[in-house]
Amino acid sequence: MTNSDTTFGVHNVHYSIWCEHTAEGGATVKSNNFANVTEAKEYFFHADALAMFEENCTWLGWRLPSEGVEAGSSGGLIMARGFGEVENSATKSHADKFQEDKTALLAAGKFFARANILGADHDGLATFNGTDWISG
C-alpha cells in the first residue's frame, strides 16, 4: 500500500514506460506479451524495488500499453508515480527518499529483475489520478 501523505497535494507526478531491449542500450525492444500488470511488474522489477515503490510513492499506478501509438513499443509496462509533501521540512521528502532508495537498489543489483531493462518518459496519455489504474 502506498503512503497516504496527501495533506499538501501530490507533486512530481511522472510517467514512464519500461521495456526490455535485446542488448544493453540497444534500440531493438523485445516483444513480451504479458497476461496482466502483476506479471509485467514482476518481470521488470526486483521484489525489493516493488516494495520500495509502495513505501515511497503516494500515487502509484501501472498499465499495460494500449495498442497503437500509446504502446510506444510492444511488451512494455507503463508506470505513473507521484509524491506527497512531508509536513516537517526537516524530514526527507518522499521523492528524495525514493531517489536515495532507487540508487541503493541499483547499486545492489536489486532494482531490475533482469538485464537490459530501460525506461523512457511517457506522456501519460491516460492521466493517472491516484485511483483509476491498477495500484497493486
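Read-outs throughout are calculated quantities, based only on the coordinates presented, and are distinct from any laboratory measurement. Predicted model, so just to flag it, every value in this text is computed and none were measured. Glycine also receives a Cβ, built like all others from the backbone with ideal geometry; neighbour counts cover every protein chain displayed.
Ordering Tyr43, Tyr15 from the fewest to the most neighbouring beta carbons within 10 Å gives Tyr43, Tyr15. For His122, the residues whose amide H sits under 5 Å from its own are Tyr15, Ser16, Ile17, ignoring neighbours fewer than 5 places away on the same chain, with H placed 1.01 Å from N.
Taking 7 Å steps out from each Cα toward its Cβ at Asn116 and His14 produces label points 2.5 nm apart.
Listed by chain and number, the lysines whose alpha-carbon sits under 19 Å from that of Lys92, ignoring those within fewer than 8 places in the same chain, are Lys102. Cross-link partners for Lys97 among the lysines, with Cα-Cα distance under 17 Å and sequence neighbours closer than 8 places in the same chain left out: Lys110.
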